[in-house]
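Encoded as structure tokens, the structure appears first; notes follow it.
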Amino acid sequence: MDMESVAPEAAPIPPVAVQPLQVVEDDRMCVRCGYNLRTLLLDSNCPECAAPVSNSFLSDELEFSHPEWVNWLARGVGMGCIGVALFILLMVLAITEAITKTPAAIVYYTFLFYIPMLLMMLGAISFTKAETSRKEATPDPKPRRFARVVVVIWTSMTIGSLMFNLAWRYIAITSAVNSVLHVVSLLNTVLALAIFPALLLYARHIARRSSSPRLETWARVLFIMHVILTTTTLLGMCYLIVTSGRAGSGVMRDGLAGVLGCYGAVTMLFTFVFAVLLYSALRTDRTSARNFWRSMDHATQTN
Ligand SMILES: [Zn+2]
């Protein structure tokens, strides 16, 4: 900038004696309203919302985060818990029903399984919602964006498959439609298997910031368990496709399905316990965050 032309007569401004640490030197958004606090004094208040500037320098723990966003997290995990519990219940019912071999049960369960799936999807969408207000203060974590993308694709595909299940009687199934359906159902299976590792990666990040940080270790162990489950299931599927029709493949198939089923059940059960614990931690954080926000409101009123 050409200073000469702006103020040629102005006397040079003497440097102001301030401690460099007392001034916000970088772009820092107000934790409450998003106002850029750069150049403001650390012990002053935000000119937009009157929240103390120092509040925007607190750790990224959930108890200091936006209560509405923490509520989205808690609600998401809560819905996921109900979804997983219902899913396990339906699995148990489906297995017992399969033993009694009721032919109508298959169609019946195909539709019933959409209820926990939709609950889990709504929960996952709520859980992966972008952070409000602190978004600029701490960068949007990559695991959140990754989980969000997987969740959105999986949700659209599952809703698509539900629509198809409702309408297939009225559609002419040509060989082209059939090929598309096979590809979609394979992609949907792969995505359904990827959804838990993706969500757990983000849950690790959330657990670290929660009132129960030891849950981060849980999330890490569960992530590995789910990756093993995903990989072995995919390899098993490939193996079955390659060996289908060969002599003795039926015994192998039953054995493989049994082992994978047991491992999957254990993994899901642990995931459920983890989700319940995370839900309880997030509820605590939601209360703390509400109290923290209320204290800022109080500060605003007394100022
Ligand atoms: Zn503000």
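Odds and ends about this structure:
- Charge tally in the Cβ shell below 13 Å around CYS49, where Lys, Arg are +1 and Asp, Glu are -1, CYS49 excluded: -1
- Each peptide in 67-78, 233-244 receives the mean, over its residues, of other Cβ atoms within 10 Å, and ordering these scores from highest gives 67-78, 233-244.
- Label-point separation, MET237 to THR110 (7 Å along Cα→Cβ), nm: 1.8 nm
- Nitroxide proxy distance, nm - points 7 Å out along Cα→Cβ at THR217 and LEU269: 2.2 nm
- A simple spin-label model places pseudo-atoms 7 Å from Cα toward Cβ; at VAL180 and LEU166 they are separated by 1.8 nm.
- Extension gain, ARG145 to MET252: 0.36 nm times the residue separation minus the Cα-Cα distance gives 34.6 nm.
- Ranked by how many other beta carbons lie within 10 Å on average, peptides 162-168, 26-32, 53-59, 194-200 from highest: 194-200, 26-32, 53-59, 162-168
- Between the beta carbons of ILE228 and SER44, assuming R0 = 51 Å, the FRET efficiency works out to 0.45 to the nearest 0.05.
We did not get these values from a lab; they are worked out from the coordinates using the rules stated. Predicted model, so just to flag it, every value in this text is computed and none were measured. Using ideal geometry, Cβ is built from the backbone for each residue, glycine included, and neighbour counts are taken over all protein chains shown.
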